[in-house]
Each structure stands twice: as structure tokens, then as C-alpha cells.
Amino acid sequence: MKFSKFLIIKIFFILISSQLLFNVSKANAAEEIKIIYNIFSRTIKVNSLKTFAEEGYSTKQLKKILKASGSSNKEIRSVLNKDFDIPITIASKLVYSEIGKIFLTRLSSIIHPPKADDERTGMLALRASVVQGINIGNGKINLINFFEGYPTKTVILDVNALSKVMNKVESISELLEFFTNSPLEKIKTN
């Protein structure tokens, strides 16, 4: 009896001390998006972008950035609120597939954590953001949920890298359509 009591106390002590010594803080959602264009950069708060997407209200700084895009507020809100209905199991299969790895690796040159020196770190952050974003959206994901699910406080959006990719495809809608329809149909049947 003394041995089992001692063992229980020892296990309890190990569990408590491991929580104190190896306490890893929970990864927070992205709070800001840092848009980089050549040598210039601007920062947008994810909350202000979410407010704009939901209510149409924008801060002065966000208005300047949105005006520079050359698109109407209605178009931008439509893009931000566009939901993609993707079950989390299918999304998980997609982001862990070979085509998913290639897509996320390429996308990691455009969207990545600050100070990320390699494509793999960016790919892992994107993968986590997709899965967490779908979880936040209850089976649906949009750009706001994606950013809310990003595992670092700041998300870097490199406009130069985005421009290079956009020059290779005719439109972002073709790219989104390809990656949301084609692979999903193959995964749904497996």
C-alpha cells in the first residue's frame, strides 16, 4: 500500500513539475497582417479587416490600403467573405497530399511568418492556418477565418511575390477554382 501511495505521489509530482518546467504557451491567432511592397510596408489589424468584411466600416489606415488596391469596397468585402465549404477531413487530406505540399510551399513565398528563413516553416504555418480556419468557420473557410487561424501574431503578405504569381496565371479565381475543385473531387472519391 505504501508503494502505490508513493508511486501516485511521484507521478503527481512529475506531472505538476513538467507543466511548470515545460509550459509551452498556446499559439495565438494572427493579430496583424504586414503587407510588404518593395521597401514599403503597412500593417493591418485582423480585427479591423474583420469589421470591414462584416460591417463595411474601415479605419483611416485600412481605407488608404483598400483605395490603393483599385477595387471597390463591395468587391473586397465579397472576396473577404467568400466561404469555401470544405470538410476538415478533406482539407487535411489535401494539405498533407503532394499537390497540397507543393501549393503551400509556393504560397509560403507570399504569405509567411515573420523571420521565416525557409519555405517549410511557411508551409507548416499555412497548413495550420487552413485547418484552424476551417475549425473556426465550422466546416467553412474564408480569408478572415484563415488569418484568425494563423499560428503567429503577425502574418507577412509579400505583394511582390504575389505579383510574380499573378503574372503566371490569368486570374486568382482560376487558381482558387483549380485548387478548391479539382483536388477535392479526387480526394472525396478516395
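The values are calculated or read from the model by the stated rules, or taken from the named source; none is laboratory data. This structure is a prediction, so every number in the text was calculated from the model and none was measured. All Cβ positions, glycine included, derive from the backbone under ideal geometry; neighbour counts span all protein chains shown. To get the accessible areas, we keep the full protein, side chains included, count just its heavy atoms, and leave off ligands, DNA and RNA. Shrake-Rupley method; radii C 1.70, N 1.55, O 1.52, S 1.80 Å.
One residue stands out in the range 66-84 among those that are at pLDDT below 85 and assigned to a loop (DSSP other than H, G, I, E, B): the one that is farthest from residue 138 (Cα to Cα), namely 70. Regarding residue 49, is this residue closer than 18 Å to residue 137 by Cα and surrounded by 12 or more Cβ atoms within 10 Å (Cβ to Cβ)? When the stated conditions are applied, residue 49 passes them. The set of residues in the range 52-88 being surrounded by fewer than 16 Cβ atoms within 10 Å (Cβ to Cβ) and among the charged types (D, E, K, R) consists of 54, 55, 60, 63, 64, 67, 74, 75, 82, 83, 85.
For the range 83-110, residues that are within 15 Å of the chain's Cα centre (by Cα) and charged (D, E, K, R) total 3.
Note on the range 110-132: residues that are part of a loop (DSSP other than H, G, I, E, B) and open to solvent by 20 Å² or more (accessible area, probe 1.4 Å) amount to 5. If the condition is being touching a residue at least 60 places away in the same chain (Cβ under 8 Å), open to solvent by 30 Å² or more (accessible area, probe 1.4 Å) and assigned to a helix (DSSP H, G or I), then the range 133-167 contributes 143, 148, 159, 160. Among the residues of the range 55-65, those that are of a type outside the set (Phe, Trp, Tyr), without any contact (Cβ under 8 Å) to a residue 12 or more places away in the chain and farther than 14 Å from residue 43 by Cβ comprise 55, 63.
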